[in-house]
């Protein structure tokens, strides 16, 4: 045991005298006890501080930070998809012909007994005469009283004492209408909505003519028929922009048919415009901007390409494993509305009419109970009571917009516009509206969408602290506080190997000594008796 201890202590002492690590040789070779104590304490303090630094560095690494790189690059850019929707979801004249009892009960169209005079007026006034009855009932009737500032009485304060749990009449009207059109079949909804042939009067892209055939159609719960230019499909690649500026972008002249607006529903006139990636689904209710009639609306675009790190570096996804209500690539909005609808069906037993319904699920009606349930689901999603796991997309395109307005057309240019539109035979607007400047400006608008420049901003994430950086920092701290390098670490491995060899040798030597024993034959009574008998006979 003493030999074993002596060998181990001798090996450790040899390491302490010869190691390249700072401080240890001084603590081992110094004969002065105070100095040996000083160097020992100094080494332990330095090593302890290194351990603290190493702990912080390892924590920094396992946090997996990212570095955001911003670059300005130039190339031929893919032109975005442009979705346009009339602010009015359904044509009033077609809704009258449909004669749906639900729309009549809600006051969106008059009952048949009251429509004869209105329809007669429509027939006499041409296709653009307002086809509405003498009186159109509203969904609700509220008594109002005219008053001036001098007539104001503090007792009238009670009129402004609202309960915020009660829904506004406009909110109720919109929800009622969405519930009604959601229960119409898709072909009927498209047929009574605004048509591309009438809506899109002129189209040009990159200096070349285009037509309504270059647009794909879908039906939105809020805006009715919407039309998308440059939508990605499996057969054709999206268009690209070869130059910047309005002449090289998309230019549209649109006819909004204000005479077809639903009186008790549509409060604004114009077009909803959404600029988005060709591969993703647009949501006009949540995104986009409005273009007003009588104006040229210009939207200069700036592209920002965003690439995020997923996995351990961030919470993003490429969309794998997500079943979405709307087609196209994964987007956070698509995921959120899908999650909201799933919670709505599970909690309320019916689907939100403002969104697509999964499978054969029935839509909720416009009763207070259904509306309150829908609002409760939305509120609980926001507060986290109902979970929606919808991370950002790992790859995304954002189109920044600089929007400008100018009166259109100019007085001197009006004749040119009228001439162009009159040559389009069989297409609205008719000669009546083209001959009336006021009606013209209330029904037509121009839209220009283009890139301001073909350079774009590329924002990408990269690992902010990788393994190489961690090892380098650990080595730097180890060298600064303990004076050790990689070779010093190899010396530590060497001393452990030597100690392991000594222990193995001692254990092996002990086992060999214990195995050297004298073999003694076992005692046999019969053999002993025979030997004793022979000995006794011999003596006889």
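Find the centroid of the Cα atoms in region 433-512 and in region 373-392, then give the distance between the two in whole Å.
If we compute the Cα centre of each part, the gap is 34 Å.
How large is the translational diffusion coefficient of region 449-517 in µm² per second when you combine the Kirkwood radius over alpha carbon pairs with Stokes-Einstein at 4 °C and 1.567 mPa s?
For these conditions, the coefficient is 72 µm²/s.
Relative contact order, percent, of region 319-393 when contacts are C-alpha pairs under 8 Å separated by at least 6 residues?
32 percent
How would region 319-393 be classified by its alpha-carbon gyration tensor: rounded, prolate or oblate, with rounded meaning a/c under 1.5 and the a/b versus b/c comparison settling the rest?
Details: a/c = 2.49, a/b = 1.46, b/c = 1.71.
Oblate is the answer for region 319-393, as a/c is 1.5 or above yet b/c matches or exceeds a/b.
Could you tell me the center-to-center distance, by alpha carbons, between region 299-332 and region 209-260 in angstrom?
The distance from the Cα centre of region 299-332 to that of region 209-260 comes to 23 Å.
Using a Förster distance of 22 Å, how high is the FRET efficiency between residue 439 and residue 97, based on the Cβ-Cβ distance and rounded to 0.05?
After rounding, the FRET efficiency stands at 0.40.
Along its three principal axes, how long is region 239-386 when you only count alpha carbons? Whole Å, largest extent first please.
Over region 239-386, Cα extents along the principal axes are 53, 51, 28 Å.
Every read-out reported here was derived from the displayed coordinates using simple, explicitly stated rules and does not represent laboratory data. Small disclaimer: the values here were computed from a predicted structure and weren't measured. Don't worry about glycine lacking a Cβ; one is built from the backbone with ideal geometry, like all the others, and counts go over all protein chains shown.
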